[in-house]
Amino acid sequence: MSKDVKREEDITELLVDIRGVVAFHLASSITHYPASDELRSFFALRSRQLPTPVPVPAATDTTVREKEHSRPEKPVPKTRTSDHVRLAEIATEAGRCRSCTLSKNRSVVIAGKGDGDKIRLFIVGHWLSVSENSSSQAVFGLEEDQMLARMLAAINLPMEEAFVSNVIKCGIRPDIQPQVEHIDACASFLQRQISAASPELICTMGMVATRAMLRRSQPLSKLRGRFYTYKAANGVEIPLLPTYHPGYLLQNPEMKNATWQDLQLLQKRLLEEAEG
């Protein structure tokens, strides 16, 4: 394949990605993008260290590196009762958080959902869009959560074996555009949730969640389709697979086939983990 043809294909793929993201943002009532230095910094993905609004030991810095030769360490078996207590404590802390300006206008805090005795898959999205005075208990959104349930059912994973969360814990009104500092303010909550849940796999859904976790600048279409290694705050290495967000799929059904390929990778890896 010539360089010109390859470049043309890359440009076409990028335009498809941009069209899909814009359609998704319009559906989420995002009508403009403020040209702030923070937004440029996030999408340019300059080297930034995530701040820690809640004090944690120095050894809990999160790093991510691509899986190369060896399989990640398996999580050490733990008592699930204590895990639920830790997750509940983190949710309580998130509800009291005043680390960024989103806390001034929020009507609901959704730290995450997952009440099973064994969390095998930890799913990360971006944020919940809510109307003013909403008391919604959805994580991604009503329709989005329903689609997510169908996605998990398609790979025979019970909902109680998954924990679903967002990089931003506050429900956000459609007229508010999240900034990079809002993602940074919630970073330690997400890090600690993953350590507490100690899942077998992580799945980031959407561009925001994937870039927040992997700190990579490539488009999601280039990152999806393979596993990376996420090093949790407790030192455990967990395979991470990026894919598209249910909200994006509702606006771009033509991307369901690619997402189904990713789900099959998850299913295969979960089976491998179960077999030993």
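The values are calculated or read from the model by the stated rules, or taken from the named source; none is laboratory data. Predicted, not measured: the structure shown is a model, and the values here were computed from it. Counting neighbours? That spans all protein chains shown, and the Cβs are built from the backbone with ideal geometry, glycine included.
Report whether or not residue 168 is of a type in the set (A, V, I, L, M, F, W, C), touching a His at 6+ places or on another chain (Cβ under 6 Å) and outside any helix (DSSP H, G or I). Before the answer, list the steps.
Numbers: of a type in the set (A, V, I, L, M, F, W, C): yes; touching a His at 6+ places or on another chain (Cβ under 6 Å): yes; outside any helix (DSSP H, G or I): yes.
Taking the combined requirement at face value, the residue satisfies it.
Which one of these is without any contact (Cβ under 8 Å) to a residue 12 or more places away in the chain and under 18 Å from residue 243 (Cα atoms): 150, 211? It would help to see each step written out before you state the result.
Values: 211 fails: without any contact (Cβ under 8 Å) to a residue 12 or more places away in the chain.
Residue meeting the stated conditions: 150.
Is it the case that some residue within region 171-180 is at pLDDT 95 or above and out of contact with any Lys or Arg (no Cβ under 8 Å at 6 or more places or on another chain)? Walk me through it before giving the result.
Restricting attention to region 171-180, the residues satisfying the condition of being at pLDDT 95 or above are none.
No: region 171-180 contains no residue that is at pLDDT 95 or above and out of contact with any Lys or Arg (no Cβ under 8 Å at 6 or more places or on another chain).
Checking residue 197 against (1) modelled with pLDDT of 95 or more; (2) within 22 Å of residue 185 (Cβ to Cβ), which test does it fail?
(1)
Please pick out the residue among 263, 250, 271 that is free of Cβ contacts under 8 Å to residues at least 12 places away in the same chain and either of a type in the set (Gly, Ala, Ser) or over 20 Å from residue 195 (Cα atoms) (or both).
On the way: 263 fails: free of Cβ contacts under 8 Å to residues at least 12 places away in the same chain; 250 fails: free of Cβ contacts under 8 Å to residues at least 12 places away in the same chain.
Testing whether each residue is free of Cβ contacts under 8 Å to residues at least 12 places away in the same chain and either of a type in the set (Gly, Ala, Ser) or over 20 Å from residue 195 (Cα atoms) (or both) leaves just 271.
Before we move on, is residue 120 surrounded by fewer than 22 Cβ atoms within 10 Å (Cβ to Cβ), within 22 Å of residue 262 (Cβ to Cβ) and free of Cβ contacts under 8 Å to residues at least 40 places away in the same chain? Lay out the reasoning, then the answer.
On the way: surrounded by fewer than 22 Cβ atoms within 10 Å (Cβ to Cβ): yes; within 22 Å of residue 262 (Cβ to Cβ): yes; free of Cβ contacts under 8 Å to residues at least 40 places away in the same chain: no.
Against the criterion (surrounded by fewer than 22 Cβ atoms within 10 Å (Cβ to Cβ), within 22 Å of residue 262 (Cβ to Cβ) and free of Cβ contacts under 8 Å to residues at least 40 places away in the same chain), residue 120 does not qualify.
Considering region 137-181 alone, what residues qualify as being surrounded by fewer than 18 Cβ atoms within 10 Å (Cβ to Cβ) and of a type in the set (S, T, N, Q)?
Hits for region 137-181 are 137, 146, 156, 177.
Tally up the residues in region 188-214 that are at positive phi and over 12 Å from the mean Cα position of the chain (by Cα), please.
Looking only at region 188-214, we keep the residues that are at positive phi, and these are 198, 206.
The next check asks that each one be over 12 Å from the mean Cα position of the chain (by Cα); those that pass are 198.
The qualifying residues number 1.
I'd like the full set of residues that are under 19 Å from residue 269 (Cβ atoms) and not small (Gly, Ala, Ser), limited to region 173-213. Before the answer, list the steps.
Taking region 173-213 first, the residues under 19 Å from residue 269 (Cβ atoms) are 194, 197-205, 209-210, 213.
Within region 173-213, 194, 199, 200, 201, 202, 203, 204, 205, 210, 213 meet the criteria.
Which of the residues belonging to region 113-154 are more than 19 Å from the chain's Cα centre (by Cα) and assigned to a loop (DSSP other than H, G, I, E, B)?
116, 117, 118, 131, 132, 133, 134, 135, 136
Check whether at least one residue in region 92-107 is among the aliphatic types (A, V, I, L, M) and out of contact with any Cys (no Cβ under 8 Å at 6 or more places or on another chain), and report yes or no.
no
Taking the conditions exactly as written (buried (at least 22 other Cβ atoms within 10 Å of the Cβ), in contact with a helix residue (DSSP H, G or I) (Cβ under 7 Å, 6 or more places away or on another chain), among the aliphatic types (A, V, I, L, M) and modelled with pLDDT of 90 or more), does residue 128 satisfy them or not?
Values: buried (at least 22 other Cβ atoms within 10 Å of the Cβ): yes; in contact with a helix residue (DSSP H, G or I) (Cβ under 7 Å, 6 or more places away or on another chain): no; among the aliphatic types (A, V, I, L, M): yes; modelled with pLDDT of 90 or more: yes.
No.
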